[in-house]
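Inspection log for the structure reproduced underneath, given as structure tokens.
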Amino acid sequence: MKVTILATGTRGDVQPYVALGLGLKAAGHQVRVASSKTFSEFVGAHALEFHPLEVDVKQVLGSEVGADIMKKGSNPVQFIRLYGKLMRPFIEQQLHDSWQACQGADALIYSPLSFGGASFGEKLQIPHFLAKIQPVGITREFPSPVIPPGIKLGGMYNLLTYKVVKQISRQTLTPPVKDWLQANLQISPARSWRQLQYQKAQLFGFSDAVVPKPHDWPDSWYVTGYWVLEQSNWQPPAELIEFLAAGPPPVYIGFGSMKSQSPAALTQLAIKALSLSNQRGILLTGWGSLRQTDLPKDVYIVDSVSHDWLFPQMAAVVHHGGSGTTAASLRAGVPTIITPFVADQPFWGDRIQKLGIGPAPIRQNKLTADALSKSISAAINHQPFKERAVRLSQRIKAENGVAQAVDIFNQLIKD
């Protein structure tokens, strides 16, 4: 069977779908991954067919609106509206590219931000499934993951947060999507929206040990475990190996695809926090939060690295709370500190604290060298954090999210 996967977002968003694609390929399917042209080399390196979406995610996040999202995106209403402003110039092109990627497919899997997925599946009359790596699905048990955690007003409030987020998203993102679908596929706007939002069967690529499946989710929503991409061919630079061998386990600090308003200042903050906590450190420049600079001898900086290779060798991990990086730190079995920027990142920071594997998250706008150094010291010196992290890691590693998702997919297309 020919399967197209529409995967939109940053590297951490796309990587789980590549893992899922490899699992489907191993099961005998022909797989095409459609994603930002930014990831052409990454997807191609895993021997999957790649269909580029012309939007350059890295460039978009580096734009003026992208900077506004990093600055104001801790407010969920602001985040959704700014995200709509950010993506609006690219929606028609992304819909066109995604529709082309679906041609010849026998089945379709699409991520939540892959505009038009359900409508494409309906138009082509092929099985189509929404696949998520965040626990985004209306429930009484917790608020929408893009709503700041901490407000406890019960089930009705939790339900309301999903409705509010959906309404704001509809106002912000739906008009250009509906117009394109109606003009190009002759799909009625109302039906299109219902299909986009209420696809029956859904796959969730996270662990039930981290976020237990809500009791009010339907049986057709499957929590499979993380979709882990094995990167056995990744080779660390010799200097990194030498640094690791030269002293005790360091602390990792990196913010992935997030863009800092002042990379130089954030880099110096991280270096000072490591010094105050008397820890060695490894910094990740990522897409621009930290930058290369003169470093003390007990700090090493890299542009990119395999989290699955590096994190188990760390004393603790500090990151932005993206779902992919969070999954990697949980599998590593080390204490985690999250310093969230936007979207669902505060949710994962709150989850880390509730799981007892790290201290309370520190919002980026509240981040100081002193606050981070205290969190680093707490993460390393509080032994229960480490013990719980190891136990949770063992549970997660015992799962095979890709295999379970592939089995469910195969059963669904038979039915």
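Values in this text are rule-based calculations from the coordinates and carry no lab data. Remember, it's a predicted structure, so these values are computed and weren't measured experimentally. Methodologically, a virtual Cβ is constructed for each residue, glycine included, from the backbone with ideal geometry; neighbour enumeration extends over all protein chains shown.
Could you list which residues have their amide H under 5 Å from that of Lys132, counting only those 5 or more apart in sequence or on another chain, with H placed in the peptide plane?
Leu203, Phe204, Gly205
Using amide H atoms built in the peptide plane, which far-off residues or other-chain residues are under 5 Å from Gly9 H to H?
Ser36
Is there a quick way to get the dipole size of the chain? I mean about its Cα centre, with the Cβ of Lys and Arg at +1 and of Asp and Glu at -1; what is the value in debye to the nearest 20?
So the dipole magnitude of the chain works out to roughly 1080 debye.
Ordered by packing density, taken as the mean number of other Cβ atoms within 10 Å over each peptide's residues, highest first, how do 326-336, 168-178 rank?
Packing order, densest peptide first, comes out as 326-336, 168-178.
For a quick protection proxy, order the peptides 244-253, 109-118 by their average other-Cβ count within 10 Å, most packed first.
Top of the packing list down: 109-118, 244-253.
I'd like to compare 373-385, 10-22: which one has the highest average count of other Cβ atoms within 10 Å, and what's the full order after that?
Going from most to least packed, we get 10-22, 373-385.
Among DSSP beta bridges whose residues both lie in the range 238-398, state the antiparallel percentage, nearest 5.
Just about 0 percent of them are antiparallel.
Fewest Cβ neighbours within 10 Å first, please rank Asp415, Asp179, Asp303 accordingly.
Asp415, Asp303, Asp179
Dividing the convex hull volume of the Cα atoms of the chain by its residue count, what figure in Å³ per residue is obtained?
Taking only Cα atoms, the chain has a hull volume of 130 Å³ per residue.
Two decimals, Cα atoms only, Kirkwood Rh: what is Rg/Rh over the range 341-415?
1.17
Apply the Debye scattering formula to the range 238-398, with a single equal point scatterer on each alpha-carbon and no solvent, then give log10 I(q)/I(0) at q = 0.21 Å⁻¹.
The Debye formula, applied to the Cα set alone, gives -1.53.
Quickly estimate the mean residue ellipticity at 222 nm for the chain, helices only: each DSSP H run with n ≥ 4 gives -39500 (n - 2.57), and the total goes over all residues, rounded to 500.
So the helix-based figure for the chain works out to -14500 deg cm²/dmol.
Mind sorting Val57, Val136 by how few other Cβ atoms lie within 10 Å of their own Cβ, fewest first?
Ascending number of Cβ neighbours within 10 Å: Val136, Val57.
Tabulate in residue order the Karplus-calculated ³J(HN,Hα) for the range 237-245, using 6.51 cos²θ - 1.76 cosθ + 1.60 with θ = phi - 60°, rounded to whole Hz; enter x for Gly and Pro.
Working through the residues one at a time gives x, 4, 5, 5, 4, 5, 4, 4, 7 Hz.
Work out the charge dipole of the range 238-398 with +1 on the Cβ of Lys and Arg and -1 on the Cβ of Asp and Glu about the Cα centre, then indicate which of Thr293, Pro335, Ser373 is farthest towards its positive end.
Pro335
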